[in-house]
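A.B. asks: One structure, as structure tokens, below. Some questions next.
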Amino acid sequence: MTTAVRARVASTLKYLSLIVASLVVLLPLGVVLLTSLKTSDELAAGSGPLTPPGDWFNLANYVTAFEKGRMAEAALNTFVILVVSITGTVFIGSAAAYAIDRFHFRLKKLIVGLFLFATLVPSITTQVTTFQVIDQLGLFNTRLAPIALYLGTDIVAIYIFLQFIRSIPISVDEAARLDGASSFAIYRKIILPLLKPAIATVVIVKGIAVYNDFYIPFLYMPDQGLGTISTSLFRFKGPFGAHWENISAGAILVIVPTLAVFLLLQRFIYNGLTQGAAK
Amino acid sequence: MTPISSSLRRGPAGGTRLQDAARHSRQRPRRRWRQGLTPWLFLLVPLALLITFSYVPIINMIVYSFTDWDGVSPDYTFTGLENYVEIFTRPELFRVFVASAYYLGAAVLQIVLALYFATVLSFNTRFRNLFKGILFFPYLINGVAIGFVFLYFFQEGGTFDTVLRLFGVGGEHLWLGDPDLVNYSLAGVSVWRYMGLNFVLFLGAIQSIAPELYEAAELDGANRWQQFRFIIVPSLRPLIGLTAILAISGCLSVFEIPYIMTGGAGASETFVIQTIKLAFRFDKTGLASAAAVVLLVIILLVTWLQRRIVPEERVTS
């Protein structure tokens, strides 16, 4: 084979592999989209998964899923938990990172070690006893339970902030201190504004994790009225049983906001995850 | 978390100078005492949360693992190592690790695929961003939604069977009901879900390799495979090590997808599902805690081994 032919074969194989992979990703999602647009009669009549719906604009299933699935309530609950825990994580993480990087104090090594070790313990292993703690604090079945857990167990955020604070020259702090600024003023007026890129990373990583989390709301907020996006969708399993047209509509309803945010913030999401995981 | 820990241990560059400055200015004792207090004010909330939600549960877990507590009644008795003996002598409690093996296989496949696609897409390819977006997107999707999507996908005579028939592979399979098949199906879902994340991390690392390296290699007559083998793989080694360790602890703590899709029934039961069932359905908090301690020890051991085997190295490029 000449090199030109070989290059062409290689290129064909490359595109073929990319197309196959894309199909593998898109097919399961596409089929659910098709199903969500079909009527229950169509499904009962044995419409195959790959058959297009009779009416491409049949949105009745979405209305049912949205209303009976209490999705408005779920979206509100998720939003509240998301905003409070992200804001809290930013302040708590940056404050801890500021204290660790800019001060010398007794027991510092021990404290850094405590934060470090906690990252090695998968939170899922301690869930049985974490449950007792939440219960004893009286937080069970309140929105505060997931908020407290998202705030208390996010150690990765501290590391992300630590990386960035380290790159802020200490002379900036010293100059401000000579001008009479207190440590709190330095943190609030100098460090926080300079941490903007790190905050973006934390907001993205945390936002994805909280929006998609199933485990914590499922275990700590079983109350019907406290459903989040994940747990409300999970409850579709009961009342809708085998009504795949409704379940599909519910799943698509949950996926669409993610897709919209992804398309809008693509670049930031990639950067955020790379920095969050690899640094 | 390997790279993080190393940079932490290196210690901060700043701090000292500030403190020295404070010492030189010979402040009055009260002022100095207040300065010593400042870092603790910043650490108050983070530390309180860390202790309440990480360390109290860990310590309680270890204590409960030596008791027969049911999680409800006010009292319990210490039973020594009984729970641990039970875990290691009841084979059905160990059976759950069989499921982990499938996910470990899936993780290997996932890393290989991610490496391949990251390499392919870091060189000139048409529709690069489109392919990148498609391959990555599943990682962002809600786990419950993914569970439902694949419950439908794997139905008898459903999408998967229909597609297989298009390729001439006939028959209807109980992809989620057959104990021989269920873990392949579920592990497949985990590849579908997480491959994109690994791929994006690898892509980021490959793109931070200096382009001169490839140019120099090309001048020396290296082909694409040699470039991959001698430039890309070495510079990704720390990240591959990190991914491997996350994969191992990940495949031991699989919960969401099997719980949503099969309820963790039969062969698809994983370690975490079993522990949760022991604790919350069968009220065996003591036994569940011992199981969790065993899992924790395994994960710490793996992390330690990984650090020994793949020493941290800064890649000079």
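The values are calculated or read from the model by the stated rules, or taken from the named source; none is laboratory data. Since this is a predicted model, take the numbers as computed values, not measurements. Cβ sites come from the backbone with ideal geometry, for glycine too, and all protein chains shown count toward neighbours. For accessibility, only protein heavy atoms count, side chains too; no ligands or nucleic acids. Shrake-Rupley method; radii C 1.70, N 1.55, O 1.52, S 1.80 Å.
A.B. asks: Using a Cα-Cα cut-off of under 14 Å, which aspartates and glutamates could be cross-linked to B:K284, ignoring same-chain neighbours fewer than 8 residues away?
C.D. replies: B:K284 reaches B:D68, B:D70, B:D75, B:E82, B:E86.
A.B. asks: Separate question: Take peptides A:205-213, B:168-176, A:96-104 and line them up by average Cβ neighbours within 10 Å, highest first, as a rough protection proxy.
C.D. replies: Ranked by mean Cβ neighbours within 10 Å, highest first: A:96-104, A:205-213, B:168-176.
A.B. asks: Related question: Can you list, largest first and rounded to whole Å, the semi-axes you get for chain A by taking the square root of 5 times each eigenvalue of its Cα gyration tensor?
C.D. replies: Over the Cα atoms of chain A, the ellipsoid semi-axes are 43, 29, 17 Å.
A.B. asks: Determine the relative contact order of region A:173-279: mean sequence separation of Cα pairs under 8 Å and six or more apart, normalised by residue count, in whole percent.
C.D. replies: Relative contact order comes out at 35 percent.
A.B. asks: Which percent of the accessible heavy-atom area of the protein assembly as shown goes to carbon and sulfur, probe 1.4 angstrom?
C.D. replies: Carbon-and-sulfur percentage of accessible area, whole number: 66.
A.B. asks: For region B:146-197, what are the per-bin percents of Cα-Cα distances with bins 5 Å wide, up to the bin holding the maximum?
C.D. replies: 5, 21, 26, 27, 15, 5, 1
A.B. asks: When the gyration tensor of the protein assembly as shown is built from Cα positions, what are the square roots of 5 times its three eigenvalues, in whole Å, from largest to smallest?
C.D. replies: 41, 33, 25
A.B. asks: Of A:K237/B:K132; A:K38/A:K237; A:K14/B:K132; A:K68/A:K237, which pairs sit farther than 23 Å apart, going by alpha carbon to alpha carbon?
C.D. replies: A:K237/B:K132
A.B. asks: Just checking the output field for A:11-23: average partner chain Cβ neighbours within 10 Å of each residue's Cβ?
C.D. replies: Taking the mean over all residues of the peptide, I get 4.
A.B. asks: Using Cα springs under 10 Å in a Gaussian network model of chain A, which residue among A:S230, A:S47, A:S22 shows the largest mean-square fluctuation?
C.D. replies: A:S22
A.B. asks: Relative contact order for chain A: what is it in percent, counting Cα pairs under 8 Å that are at least 6 residues apart?
C.D. replies: The value is 31 percent.
A.B. asks: Another question about this same structure. Let me make sure I get this right: for region B:42-104, a, b and c are the square roots of the gyration tensor eigenvalues over alpha carbons, sorted descending. Under 1.5 in a/c it's rounded, otherwise prolate if a/b > b/c, else oblate. Which is it?
C.D. replies: oblate
A.B. asks: Could you compute how much accessible area chains A and B hide from each other, both sides summed, with a 1.4 Å probe? Nearest 100 Å² is fine.
C.D. replies: Chains A and B together bury roughly 9000 Å² of accessible area.
A.B. asks: Turning to a different aspect of this structure: Suppose each label sits 7 Å from its Cα in the direction of the beta carbon; what would the A:L120-A:D41 distance come out to in nanometres?
C.D. replies: Distance between the two pseudo-spin positions: 6.4 nm.
A.B. asks: Could you check which residue among A:P222, A:P28, A:P53 shows the biggest mean-square fluctuation in a GNM of chain A with a 10 Å Cα cutoff?
C.D. replies: A:P28
A.B. asks: When you look at the Cβ of every residue in A:265-271, what mean number of other chain Cβ atoms sits within 10 Å?
C.D. replies: Shielding by partners across A:265-271 averages 3.
A.B. asks: Now, a different point. Between region A:7-43 and region A:93-169, how far is it from one alpha carbon centroid to the other, in angstrom?
C.D. replies: Each part reduced to its Cα centre gives a spacing of 41 Å.
A.B. asks: In addition: Once you put a point 7 Å from the Cα of A:A200 and another 7 Å from the Cα of A:S11, both along the Cβ direction, what distance in nm separates them?
C.D. replies: The modelled label-to-label distance comes out at 3.5 nm.
A.B. asks: What is chain B's relative contact order, in percent, from Cα pairs under 8 angstrom and six or more apart in sequence?
C.D. replies: About 28 percent, as a whole number.
A.B. asks: Express in whole angstrom the spacing between the alpha-carbon centres of region A:217-279 and region B:96-131.
C.D. replies: So the separation of the two Cα centres works out to 23 Å.
A.B. asks: Mind checking the dipole of the protein assembly as shown: about its Cα centre, +1 per Lys or Arg Cβ, -1 per Asp or Glu Cβ, Debye to the nearest 20?
C.D. replies: 2940
A.B. asks: Follow-up. Restricting everything to alpha-carbon atoms, can you work out Rg to Rh for region A:90-218 with a Kirkwood hydrodynamic radius?
C.D. replies: 1.03
A.B. asks: Over the alpha-carbon set of region A:3-57, divide Rg by the Kirkwood Rh and report the Rg/Rh ratio to two decimals.
C.D. replies: That ratio is 1.31, to two decimals.
A.B. asks: Against the empirical 2.2 N^0.38 Å scaling, what ratio does the C-alpha Rg of chain B come to?
C.D. replies: With N residues counted in chain B, Rg over 2.2 N^0.38 Å equals 1.30.
A.B. asks: Order of B:204-210, A:127-133 by packing, highest average Cβ count within 10 Å first?
C.D. replies: With the highest mean Cβ count within 10 Å placed first, the list reads A:127-133, B:204-210.
A.B. asks: Report the label-to-label distance for B:D283 and B:I87 in nanometres (one decimal), using points 7 Å from each Cα along the Cα→Cβ vector.
C.D. replies: 2.3
A.B. asks: B:E215 to A:R188: FRET efficiency via 1/(1 + (r/R0)^6), r the Cβ-Cβ distance, R0 51 Å, to the nearest 0.05?
C.D. replies: E between B:E215 and A:R188, to the nearest 0.05, is 0.60.
A.B. asks: While we're on this one: Take the Cα of A:D223, step 7 Å along the line toward its Cβ, and report every residue of region A:33-72 whose backbone nitrogen sits under 18 Å from that point.
C.D. replies: Output list for this probe position: A:70-72.
A.B. asks: Now for a different question. Give the average, rounded to an integer, of partner chain Cβ atoms located within 10 angstrom of each Cβ in A:148-159.
C.D. replies: The mean count of partner-chain Cβ atoms within 10 Å per residue comes to 4.
A.B. asks: Per-residue counts of other Cβ atoms within 10 Å, averaged by peptide: what ranking do you get for B:86-98, B:109-121, A:240-252, highest first?
C.D. replies: Output ranking for B:86-98, B:109-121, A:240-252: A:240-252, B:109-121, B:86-98.
A.B. asks: Then there's this: Is the shape of region B:161-286 best called rounded, prolate or oblate, per the rule: a/c under 1.5 gives rounded, else a/b larger than b/c gives prolate, else oblate, with a ≥ b ≥ c the square roots of the Cα gyration tensor eigenvalues?
C.D. replies: Since a/c reaches 1.5 but b/c is at least a/b, the shape of region B:161-286 is classed as oblate.
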